[in-house]
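Enquirer: There's a structure below that I have some questions on.
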Amino acid sequence: MSEVHEPGETFVVQPGTATSFWQPVPANGHIEVALDPSKVKMDNPLAFGTQTVPPGGYVREHSHDRHEEVIYFIKGKGRAVLDGKDVPAVPGTAIFVGKSRRHMFINDGTEDLHWVWLIVPNGLEDFFRLIGRPRTAGEPAPENFPRPENVLEIERQTVFAAQPADQRKP
C-alpha cells in the first residue's frame with residue numbers, strides 16, 4: 001500500500017523583494033534572504049539567499065557545528081579557504097561545507113563577489129538580521145559599520161560554532 005502525502009507549499013520571491021540586510025565589517029556588502037521558515041511552511045527547515053561582498057571584503061573564518069551549507073558563486077573572482085586550503089571562487093564554483101568544517105570567503109578581486117547560499121537547518125537568516133541593517137534594493141551602500149559588540153554571543157545563538165582560538169585571517 002502506498003503512502004498518501006499532503007502537498008507541500010509553493011512560494012515565489014521576485015527580484016528585489018527578498019529580505020535584505022547591509023552587513024558590517026569585515027564582509028561589508030549585503031545579503032538577501034529569499035526563503036526561510038518564517039516565509040513558507042517547510043517540512044525540512046532551510047534558509048536560502050545570496051551574499052554580495054565588495055572588493056577587499058571577506059567573510060571571516062568560521063564553522064557551523066549543527067549545520068551544513070552549500071555555496072555557489074555566480075559573479076566576481078575571489079577565493080574560499082576551506083580548512084586552511086585556498087580554492088578559487090569564480091562563477092560556477094560549487095562548495096559543500098559539512099558540519100564543523102572551517103571556511104572563509106575572500107574578495108581579492110576588482111568587482112563584487114556574489115554567491116548563492118543554502119543552509120540546513122535554517123538559522124543563518126537570524127544571524128544576518130541581528131548583525132545587519134535593513135536594506136532596500138537599489139539604495140546606496142552605507143559607510144562601513146562595525147559588528148555588534150555581542151557578535152560572538154549572537155553567533156552561538158544562531159548557526160556558528162565557537163570561534164577557534166587560531167582563527168585564520170585572509
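The values are calculated or read from the model by the stated rules, or taken from the named source; none is laboratory data. Keep in mind that what you see is a predicted model, and the values were worked out from it rather than measured. Glycine also receives a Cβ, built like all others from the backbone with ideal geometry; neighbour counts cover every protein chain displayed. Each accessible area value is taken on the protein alone, full model and side chains, heavy atoms only, with ligands, DNA and RNA left out. Shrake-Rupley method; radii C 1.70, N 1.55, O 1.52, S 1.80 Å.
Enquirer: Go through (1) within 12 Å of the chain's Cα centre (by Cα); (2) buried (at least 20 other Cβ atoms within 10 Å of the Cβ) and name the single condition ARG60 misses.
Expert: Result: ARG60 fails condition (2) only.
Enquirer: Within the range 143-170, how many residues turn out to be farther than 18 Å from VAL53 by Cβ, polar (S, T, N, Q), modelled with pLDDT of 95 or more and open to solvent by 50 Å² or more (accessible area, probe 1.4 Å)?
Expert: Final tally of qualifying residues: 2.
Enquirer: Same structure, new question: Between a first residue in the range 125-136 that is under 14 Å from PHE48 (Cα atoms) and a second residue that is open to solvent by less than 20 Å² (accessible area, probe 1.4 Å) and of a type in the set (D, E, K, R), which pairs have beta carbons less than 9 Å apart while being 6 or more apart in sequence or on different chains?
Expert: So the pair list comes out as GLU125/ASP36; ASP126/ASP36; PHE127/GLU155.
Enquirer: Can you pull out the residues in the range 105-132 that are touching a Gly at 6+ places or on another chain (Cβ under 8 Å) and assigned to a loop (DSSP other than H, G, I, E, B)?
Expert: ASN107, ASP108, GLY109, GLU111, ASP112
Enquirer: Which of the numbered conditions does PRO170 fail, given that it passes all the others? Conditions: (1) in a loop (DSSP other than H, G, I, E, B); (2) more than 13 Å from GLU61 (Cα to Cα); (3) of a type outside the set (Ser, Thr, Tyr); (4) in contact (Cβ under 8 Å) with a residue 12 or more places away in the chain.
Expert: With respect to (1) in a loop (DSSP other than H, G, I, E, B); (2) more than 13 Å from GLU61 (Cα to Cα); (3) of a type outside the set (Ser, Thr, Tyr); (4) in contact (Cβ under 8 Å) with a residue 12 or more places away in the chain, PRO170 is out only on (2).
Enquirer: Of all residues in the range 9-37, which are hydroxyl-bearing (Ser, Thr, Tyr) and surrounded by 14 or more Cβ atoms within 10 Å (Cβ to Cβ)?
Expert: THR19, SER20
Enquirer: Right, GLY29: under 20 Å from ARG129 (Cα atoms) and of a type in the set (Gly, Ala, Ser) or not?
Expert: Yes.
Enquirer: Within the range 130-142, which residues are on the phi < 0 side of the Ramachandran plot and surrounded by fewer than 17 Cβ atoms within 10 Å (Cβ to Cβ)?
Expert: Matches in the range 130-142: LEU130, ARG133, PRO134, THR136, ALA137, GLU139, PRO140, ALA141, PRO142.
Enquirer: Considering only the range 38-54, state which residues are surrounded by 16 or more Cβ atoms within 10 Å (Cβ to Cβ) and over 11 Å from the mean Cα position of the chain (by Cα).
Expert: Listed by number, the residues that qualify are LYS39, MET42, LEU46, PRO54.
Enquirer: For residues that are surrounded by 15 or more Cβ atoms within 10 Å (Cβ to Cβ) and in a strand (DSSP E or B), tally how many sit in the range 83-100.
Expert: Matching residues across the range 83-100 total 3.
Enquirer: Let me ask another. TRP117 versus (1) closer than 18 Å to SER63 by Cβ; (2) without any contact (Cβ under 8 Å) to a residue 24 or more places away in the chain: which is the lone unmet condition?
Expert: (2)
Enquirer: Find the residue count for the range 30-45, including only residues that are of a type outside the set (A, V, I, L, M) and under 15 Å from TRP117 (Cα atoms).
Expert: 4
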